[in-house]
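Below is one structure, written out as structure tokens; comments come after it.
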Amino acid sequence: MNNAIPATAGTLFIVAAPSGAGKTTLVRKLMERDPGIRHSVSYTTRPPRPAEQGGHDYHFIDIQTFLAMRERGDFLEWAEVHGNFYGTSKSWLLDEMRAGRDTLLEIDWQGAQQVRTLLPRTVSIFIVPPSIEELERRLRARGQDSEDVIQRRVAAALGELRHVDEFDFVIINNNLQEALEDLAAAVRA
């Protein structure tokens, strides 16, 4: 597949964050505010959470399908996170960019590294919680995970935060409205 992106292409934005930092909420609010930005829907092998819709939140697929897609080279980036696979459709994303549409990816730091290598003009934004204690509180407040899963996510977040200096913008999500304004400003910049 031809990965060439013309100079007139749309901008690719990556938004990454540790689990519980508020990335999904911030991206959803940004998309409501700026409908001109396209949102890439990732593929995942994890089961849907309550209220998530296939094709809108994620493309929910089984592991065998994911691995077959990976082998065919269908993903621009992919990663295994918390025991589940996630990936971004290469053809959809490149088609959007070639058409001049700004596109946003919600991915983890591993995927961000892969994408920046392939598409160096990418704008990367990392969302961080105000503290690890607040991150743990948010994970508990979700009421979706066992104690063991929460502790694994907190430990993973500590590792993810070591990659913060790889991103173009860092936003501390201490106050949702302020963080949204910061995210919108990073996209405008």
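The values are calculated or read from the model by the stated rules, or taken from the named source; none is laboratory data. Just so it is clear, the model here is predicted, and its values are computed rather than measured. Every residue, glycine among them, receives a Cβ derived from its backbone with ideal geometry; neighbour counts consider all protein chains shown. Each accessible area value is taken on the protein alone, full model and side chains, heavy atoms only, with ligands, DNA and RNA left out. Shrake-Rupley method; radii C 1.70, N 1.55, O 1.52, S 1.80 Å.
Quick notes on this structure:
- Boolean, A21 is open to solvent by less than 30 Å² (accessible area, probe 1.4 Å), within 19 Å of L183 (Cβ to Cβ), of a type in the set (G, A, S) and touching a residue at least 24 places away in the same chain (Cβ under 8 Å): yes
- Some residue of region 146-164 being of a type outside the set (S, T, N, Q), surrounded by fewer than 17 Cβ atoms within 10 Å (Cβ to Cβ) and assigned to a loop (DSSP other than H, G, I, E, B): no
- Of the residues making up region 165-175, those that are open to solvent by less than 30 Å² (accessible area, probe 1.4 Å) and in a strand (DSSP E or B) number 1.
- Whichever residue in region 35-84 is without any contact (Cβ under 8 Å) to a residue 24 or more places away in the chain and among the acidic types (D, E) and, among such residues, is most open to solvent (accessible area, probe 1.4 Å): E71
- Failed criterion for R142 (all others in (1) open to solvent by 30 Å² or more (accessible area, probe 1.4 Å); (2) within 16 Å of A17 (Cα to Cα); (3) out of contact with any Asp or Glu (no Cβ under 6 Å at 6 or more places or on another chain); (4) not aliphatic (A, V, I, L, M) hold): (2)
- Matching residues, region 90-107, being buried (at least 19 other Cβ atoms within 10 Å of the Cβ) and not in a helix (DSSP H, G or I): T103, L104, L105, E106, I107
- Residues of region 176-189 satisfying the condition of being of a type in the set (D, E, K, R) and exposed (fewer than 12 other Cβ atoms within 10 Å of the Cβ): R188
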